[in-house]
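Readers should treat all values here as calculations from the given coordinates under stated rules, not as data from a laboratory. None of the values given here were measured: they were computed from a predicted structure. All Cβ positions, even for glycine, are placed from backbone atoms using ideal geometry, and neighbour counts span all protein chains on display.
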Amino acid sequence: MKVTRTAILVKPDGLQRGLIGEIISRFERKGLKLVGLKMLRMDDQQLDQWYSEHREKNFFHDLKSFMSSMPIVAMVWEGIDAVPVVRLLVGTTLGREAEGGSIRGDFGMSQQMNLIHASSSNEDAEREIDIVFGKNELFHYHGVTEAVVYAEGEAEFDENGD
Ligand code: CMP
């Protein structure tokens, strides 16, 4: 099966709560592969693009000002079915209702302050990755644990970036 990518943002509340290491650790332990990582303050244009589907929502301006109030940490993770796998680990939007064991379920209480963003489809992932990462900020490499995370022939990696 082909390996795909997903985009993650640890939001300002996740940074302030000191959860960067915890979040990275959960994705690493799962067997996902980190292929991009950066800290940045998202600007107005990036946020308009990122949240274009929420432009008409009443929380759009509050969401944008929250997301630009502090730096965030952006990541790209790779694996078979990376988008749904990461969404399971992240949990549902509202922290109070998110399943125990998920990131929001274990650490979140809020709807806006929900610690982390995860792409909702492969198309969204590629669109979001392009908003934050340049081509030379994404990496292709052989992960030594892949031979035990997946069975032989199970995962098709694109290690040359072709
Ligand atoms: P996420 O799903 O990552 O992307 C959209 C974000 O909008 C969502 O996380 C929340 O942070 C925020 N959000 C969604 N619904 C509401 C709401 N009703 N009020 C405030 N913020 C919201």
Starting at the first residue of the stretch 150-155, write each ³J(HN,Hα) from the Karplus equation 6.51 cos²θ - 1.76 cosθ + 1.60 with θ = phi - 60°, in whole Hz, x for Gly and Pro. 10, 6, 4, x, 6, 10
With θ taken as phi - 60° and the coefficients 6.51, -1.76 and 1.60, list the Karplus ³J(HN,Hα) couplings across the stretch 3-19 in order, rounded to whole Hz; mark glycine and proline as x. 7, 10, 10, 9, 9, 10, 10, 8, 6, x, 5, x, 5, 5, 7, x, 9
Contact order normalised by length for the stretch 28-162, with contacts defined as Cα pairs under 8 Å and 6 or more residues apart; what percent is it? 25
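Kindly rank 51-57, 63-69 from highest to lowest mean number of other beta carbons found within 10 Å of each residue.
Working: 51-57: 10.9, 63-69: 15.9.
Ranked by mean Cβ neighbours within 10 Å, highest first: 63-69, 51-57.
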Derived scalar couplings ³J(HN,Hα) [the stretch 99-114; Karplus, 6.51 cos²θ - 1.76 cosθ + 1.60; whole Hz; x for Gly, Pro]: 4, x, x, 8, 5, 5, x, 8, 10, x, 10, 10, 8, 7, 7, 10
Under a point spin-label approximation (7 Å from Cα along Cα-to-Cβ), what is the Met113-Glu154 distance to one decimal in nm? 3.9
The answer for Thr4, listing residues at least 5 apart or on another chain whose modeled amide H is closer than 5 Å to its amide H, is Gly79, Ile80, Asp81, Ala82
Counting just the Cα atoms, what span does the chain cover along each of its three principal axes? Round to the nearest Å and put the largest first. 48, 34, 25
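If each residue of separation counts as 0.36 nm, what is the full-extension length gain between Asp106 and His61 once their alpha-carbon separation is subtracted?
Working: separation 45, 0.36 × 45 = 16.20 nm, distance 2.74 nm.
Extending this stretch completely gives an extra 13.5 nm.
Between His54 and Glu146, what length in nm is gained on full extension when 0.36 nm per residue of separation is reduced by their alpha carbon distance? All intermediate terms of the calculation are to be shown ahead of the outcome.
On the way: separation 92, 0.36 × 92 = 33.12 nm, distance 3.71 nm.
Length gained, His54 through Glu146: 29.4 nm.
All other residues with a Cβ under 15 Å from the Cβ of Ile103 taken together, and with Lys, Arg as +1 and Asp, Glu as -1, what is their net charge?
Taking every other residue near Ile103 into account, the sum is +2.
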